[in-house]
Amino acid sequence: MQRGSTQAQMPADKEMQKAALDTARKSLNSIVLGKDQEISLALACLLARGHLLIEDLPGLGKTILAQSLARVLGLSFQRIQFTSDLLPADIVGVSVFDQKLAEFRFQPGPVFAQLVLADEVNRATPKAQSALLEAMEEKQVSVDGKTHNLPKPYFVVATQNPSDQIGTFPLPESQLDRFLMRLQLGYPNEASERALLTGTDRRAMLEKIPPTLDADTLGILQDNVERVHVSEPLIDYVQALVRFSRESPEIETGLSPRGALALIAAARAHAFLLHHSGVFPDDVQTVFAAVAGHRLKPASRSGIRNPGELSRHVLDSVAIP
Amino acid sequence: MSRRNGTDGSLLASLPYTLGALAFSIAPHVQYLPVWVTVTFLSCSAARWYIEKRRWRLPPAWLRIALAMLCFLAILFSYNQTISGVGPGSALLAVMGSLKMLETRVRRDQFVLLFISIFMIMASLLREQYLWSLPYLLAAVLITMTAWLRMSQARDVSLLHSLRSSSRLLLYAAPIALAMWIFFPRISTPFWSVPIDTSSGRSGLSENMSPGDISSLSLSDAVAFRVTFDGAVPPPSQRYWRGLVLHQFNGRSWTGREPLPDPKARDRISATGDAYRYQVTLEPTRQHWIFALDIPVDWSPETIKMGSDLHLAYTFPIDQRIRYSAVSRTRYSVDSQLTRMARDWYTRFPEERNPRSIEYARELRAAAGSDERYINTVIRAFHDEEYFYTLQPPVLGRDPVDQFLFQTRRGFCEHYASAFALLMRAAGIPSRIVLGYQGGELNPYGNHMIVRQSDAHAWTEVWLADRGWQRIDPTAAVAPERIESGMSGAMFGEIGASWGLNAPAEWLHQLTLSLDALNARWNEWILGYGPENQERFMKWLGMSKPDWQKMFLTLIALVTIGIVVISIVLMRRNRPPPRDPAAVLYGQFTRKAGLPPRTGETPFDYAQRLRETSVQQSDCVDRVTSRYLKARYGTPDEHALQELEDAVSKFRRSA
């Protein structure tokens, strides 16, 4: 499939794209068991050109989710393990002197991959963290005065251990804002865990799974996501949610305009993923906790401390127009 | 327990407004309330505010109950073991409002406080209904409304905004209130009417007269009555407002008789002078006497009767301001013949009192030769000899007329009238004393005449054969300016009439005159809007034969129209956006399903719940849900709405 496909070809292409997306979801579900919702959200995040932050305890499948995403979507994959002595150059790369050519050559770092897994991002120093976050934001890297573009599509999956663990630098709110979504995987349910324990090794499975998409197709899908219809009543709904988040006494910091844009982008991607003919309120509600959870700050006297509950409070309080 | 009595500072923002509103509505009562009630109110408000500020606990229930009992007993004690009436009632209300503060913990209690505030405002109307109290009471209502809004509005709304909202609310209510006031049927003697406490401590004429009575009245600026003339106004020298007639003398004071109506009294008058038509608005006196220009020949309403002494009296004591009209003629003659018994009655006096005066009268009468000449001699004596007209006459002893005529020679109208009447009786001429008012000031702003208590006057009538009763005012001989220019003219010259005794400047005098004109309109049109005025107004509006049913129906119609108009105005202002046809259809669906969607429940979740809780056909539900989402939120599609309509009607048929 080529980028230059004409409008006339689109309907047929669309069907194929949808089929490919469904296959990708199915493949991902077969590797990461019992996490349909999270996988849909991760896919939606990717389709909306956003970056994903997965926050959970170690051993819950964060890495395997990121790896399987790269594999199924046919993206190049790099993993950076963040440690407290990680330097920015370890992330973005360095210029080294090439003896043969007698000149400095840029040696790209692990950030130059279409899907980068930044593991345990909160264990590195803020300096190293910001090197990654700048790359995410600008989609380019400047080393020694030269700008190097990052590949397209570009997708960062950062994982973070809950911040109350020792020796961590939790990401500040301003940095959290750069992630379109924050997910929590949580423990698998009984049945999924049993299937996991009795089944084959996940990493071995991963090798066998064929990629269902490629980078170009993903680009087209991302373009199509932006064309998903957003109706007037839905805009009203998003505005009502945003307004409520700013006015509710339970919430100290409500959603910013960027947060509102993120909400619509994520909802669009989710609607696209589920083949909705437009963005439905259900799409907004499904992505709301992931998009808004890390952007809302509960009021100091509020009884609601959990971001998930806070999101639920907003959704349950705002009528759908 | 601590949770129940504790405060958390959440009322801190709105409490000062509530307390302020309450203070503002209690303020008009303060001068009538016992001091301890005001002290209780102030200390409770201060305590309540401080408790909220420091987040202390409110006093426990037993203490509040004990305080309430104590205050109740204190009110019983302050008001002579009664709690009925305006005084104890408003004191009770103020005290209970104060104590309510001590248990005001949540917003609901604050509501109660503001209700009490409104009630206090209404209660102050039971005490006084002056024109100037109206703006104050309106302001009190406005402040209470604002406090109400402060309580329920979000914290960041400015005070000015709340004030504007409450003014707007009052403005919306104004036309309805006005319609209620105009059309609510008035009943002539409403059984619920509370007599307005205005006559206590106020001066007025009483049914007997002893030296010093009227001069004490002269210090009062209070309005006795107001008169509006239909045509010509009588000259000052003719402005004798006849009140009651005194004819019994005990040597010191003169007394009259109970106001018994005499149906033939009117026929005894043969009047010739100019006729004056006028209306009088009489302030409450708690007595029966009606004042009319000497001599009234016709009057209305029927409840006014004329007594045998040609005085007018009301059937009931005048507890409220009344209005009556009368026709008077200034030249008249009455009773050209007097029976022997009557002549005897009107010449009686105690022989053992005032012996010098009696002796003097008999000597003069013998010297004069005829009654007329004798009267002239006495009048001339008052005029020529050294008699003085003064507001501060010396105190008189056992034989007051003797003392006055021969020693002090200083007196006020009652001294001259009393002395003159005695001199006449001693000489065998029938005489009596008329109490009333003399004078009156024409108010150029309201075109009405004000007669004040300071215009109170006493004069005499003597009976002469063939001429009947003649008015003779001995004061006119001593102080003719009293009769020509009125009371204040006699004392101070032209200016300061309405200030009676102390008018500092001409402009102030003008100001009081214009205020009085306004007050007269207020009395006539607002307070005097009783059954008669209402009937007249209804007729003027074109209602033939107004009765309470017609008025009530009009009232209901007007109030309905008012509410509809205001609602339309408000609805147009806050008009909701036109409803999406898809949303309307979906609304039909949810109503038919019989399960209202929850706030924030998406159509999918709703469909899920519907499947779980009811026996609805799930494929129908799913079809409606998906078509609704498509029509409302999906890519615009001209068939989507039609499909939704089909799905909904199918669902309705199947359900």
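The values are calculated or read from the model by the stated rules, or taken from the named source; none is laboratory data. In this text, all values refer to a predicted model and were calculated from it rather than measured experimentally. Cβ placement follows ideal geometry from the backbone for every residue including glycine, while neighbour counts extend to all protein chains displayed.
Residues are listed down the side, and each one gets a yes or a no for (1) outside the structural domain of A:L28 (by TED's automatic domain parsing); (2) modelled with pLDDT of 90 or more; (3) not β-branched (V, I, T):
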{"position": "A:M205", "(1), (2), (3)": "no, no, yes"}
{"position": "A:K208", "(1), (2), (3)": "no, no, yes"}
{"position": "A:D216", "(1), (2), (3)": "no, no, yes"}
{"position": "A:G219", "(1), (2), (3)": "no, no, yes"}
{"position": "A:L234", "(1), (2), (3)": "yes, yes, yes"}
{"position": "A:Q239", "(1), (2), (3)": "yes, yes, yes"}
{"position": "A:V242", "(1), (2), (3)": "yes, yes, no"}
{"position": "A:R246", "(1), (2), (3)": "yes, no, yes"}
{"position": "A:P249", "(1), (2), (3)": "yes, no, yes"}
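Restricting region B:602-655 to residues that are within 13 Å of another protein chain (Cβ to nearest Cβ) and assigned to a loop (DSSP other than H, G, I, E, B), the residue that is modelled with the lowest pLDDT is B:D637. Taken together, A:T159, A:T125 contain a single residue that is β-branched (V, I, T), assigned by TED's automatic domain parsing to the domain that holds A:L73 and more than 29 Å from A:D214 (Cβ to Cβ), which is A:T125.
Tallying residues that are closer than 27 Å to A:P210 by Cβ, in a loop (DSSP other than H, G, I, E, B) and either charged (D, E, K, R) or in contact with a Lys or Arg (Cβ under 9 Å, 6 or more places away or on another chain) (or both) within region A:76-112 yields 1.
Here B:P504 meets the list (1) modelled with pLDDT under 75; (2) crowded, with 16+ Cβ neighbours inside 10 Å almost entirely, failing just condition (2).
Is it fair to say B:L137 is within 14 Å of the chain's Cα centre (by Cα), modelled with pLDDT under 85 and among the hydrophobic types (A, V, I, L, M, F, W, C)? So B:L137 fails the test. Based on this model, can you work out whether B:E414 counts as acidic (D, E), in contact (Cβ under 8 Å) with a residue 40 or more places away in the chain and either within 30 Å of B:P235 (Cβ to Cβ) or outside the structural domain of B:A458 (by TED's automatic domain parsing) (or both)? Yes: the conditions hold for B:E414.
For region B:305-324, the criterion of being in a helix (DSSP H, G or I), in the same structural domain as B:R239 (by TED's automatic domain parsing) and aromatic (F, W, Y) is met by no residue. Annotation note: of B:R623, B:R632, B:R591, the sole residue that is among the basic types (K, R) and exposed (fewer than 12 other Cβ atoms within 10 Å of the Cβ) is B:R591. What do you reckon, is B:L99 over 30 Å from B:V569 (Cβ atoms), assigned to a helix (DSSP H, G or I), touching a helix residue (DSSP H, G or I) at 6+ places or on another chain (Cβ under 7 Å) and not polar (S, T, N, Q)? Yes, satisfied.
If you check A:T253, A:T286 for being hydroxyl-bearing (S, T, Y) and within 13 Å of chain B (Cβ to nearest Cβ), only one passes: A:T286. Number of residues in region A:152-183 that are of a type in the set (S, T, N, Q), surrounded by fewer than 18 Cβ atoms within 10 Å (Cβ to Cβ) and within 19 Å of A:G308 (Cα to Cα): the value is 1.
Note on region B:578-601: among residues that are among the β-branched types (V, I, T) and either closer than 26 Å to A:V287 by Cα or not in a helix (DSSP H, G or I) (or both), the one that is nearest to the other protein chains (Cβ to nearest Cβ) is B:T599. The requirement of being touching an Asp or Glu at 6+ places or on another chain (Cβ under 7 Å), at pLDDT below 85, more than 29 Å from B:R398 (Cα to Cα) and in a loop (DSSP other than H, G, I, E, B) is satisfied by B:P284.
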